[in-house]
1. Could you figure out which of (1) under 25 Å from Gly144 (Cα atoms); (2) in contact with a Lys or Arg (Cβ under 9 Å, 6 or more places away or on another chain); (3) crowded, with 21+ Cβ neighbours inside 10 Å; (4) not β-branched (Val, Ile, Thr) isn't true of Met107?
2. What residue, of Asp27, Asp60, is under 18 Å from Met139 (Cα atoms) and exposed (fewer than 14 other Cβ atoms within 10 Å of the Cβ)?
3. Are any residues in the range 71-107 under 14 Å from Ile120 (Cβ atoms), polar (S, T, N, Q) and outside any strand (DSSP E or B), and if so, which ones?
4. If the Cβ limit is 8 Å and pairs must be 6+ apart or interchain, which residue in the range 34-62 that is in contact (Cβ under 8 Å) with a residue 12 or more places away in the chain and charged (D, E, K, R) pairs with which residue that is surrounded by 15 or more Cβ atoms within 10 Å (Cβ to Cβ) and not in a loop (DSSP other than H, G, I, E, B)?
5. Name the single residue, out of those in the range 63-104 being among the β-branched types (Val, Ile, Thr) and in contact with a strand residue (DSSP E or B) (Cβ under 7 Å, 6 or more places away or on another chain), that is surrounded by the fewest Cβ atoms within 10 Å (Cβ to Cβ).
6. Considering each of Val32, Val6 in turn, give the residue that is assigned to a helix (DSSP H, G or I), in contact with a helix residue (DSSP H, G or I) (Cβ under 6 Å, 6 or more places away or on another chain) and more than 22 Å from Ala128 (Cα to Cα).
7. Filter the range 34-48 down to the residues that are crowded, with 17+ Cβ neighbours inside 10 Å and either more than 28 Å from Ala162 (Cβ to Cβ) or modelled with pLDDT under 95 (or both) and list them by number.
8. Looking only at the range 145-164, count how many residues are of a type outside the set (Val, Ile, Thr) and either part of a strand (DSSP E or B) or touching a Pro at 6+ places or on another chain (Cβ under 7 Å) (or both).
Amino acid sequence: MLNNEVLEALETRRSIRAYKPTQITEDELQAVLRAGTFAPTAHGQQSPFIVAVQNAAMCDQLRRMNAEVMGVTTDPYYGAPTIVLVFVPEDNRNGVQDGSCVLQNMMLAAHSVGLGSCWINREAEMFATDEGKGLMKRMGLPDGLRGVGALALGYAETVPSAPKPRKEDYARIIR
């Protein structure tokens, strides 16, 4: 079987659901964000918008909004000190796919620089509300965007568990 750094990162990355409160470094953040900007996008349009939030009050607002959509009182971002949001134009037929590629690139980059991450959902619902639209304006985003997802980003509190065995017939080859 072939082996290289990228394949190893793909196999060893895990979703992290407990973070240390220590903020990540500027270099680590920039590396993760840059990786997101190199994700493939339909027709090379680079349509997604990436917003990293480290402001404690805004992170608390995001935590509350997401928890309300989820119907819980726990922190859907697992205490991560950085929350990275991805938005796309509502009228972009490939927007969700483009934004998903951005999120995956950033998760792999985070893992490669020693950070933990977890893909978080419900941003579409959060930012469809009046509060969410107001928050997007505060972030300096244009009108007409929808949330695709977010990353909880930070230093893992614990060592992630080993991967589950892959299911049989996960991948098939037709020749």
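1. The one condition Met107 does not meet is (1).
2. Selected residue: Asp60, the only one of Asp27, Asp60 that is under 18 Å from Met139 (Cα atoms) and exposed (fewer than 14 other Cβ atoms within 10 Å of the Cβ).
3. Hits for the range 71-107 are Thr74, Ser100, Gln104.
4. Close Cβ pairs (under 8 Å, with a partner that is surrounded by 15 or more Cβ atoms within 10 Å (Cβ to Cβ) and not in a loop (DSSP other than H, G, I, E, B)) amount to Arg34/Ala109.
5. The residue in question is Val96.
6. Every option except Val32 fails the conditions.
7. Thr41, Ser47, Pro48
8. Within the range 145-164, residues that are of a type outside the set (Val, Ile, Thr) and either part of a strand (DSSP E or B) or touching a Pro at 6+ places or on another chain (Cβ under 7 Å) (or both) number 10.
The values are calculated or read from the model by the stated rules, or taken from the named source; none is laboratory data. Quick caveat, the model's predicted, so the values are computed rather than measured. Glycine gets a Cβ as well: all are built from the backbone with ideal geometry, and neighbour counts include every protein chain shown.
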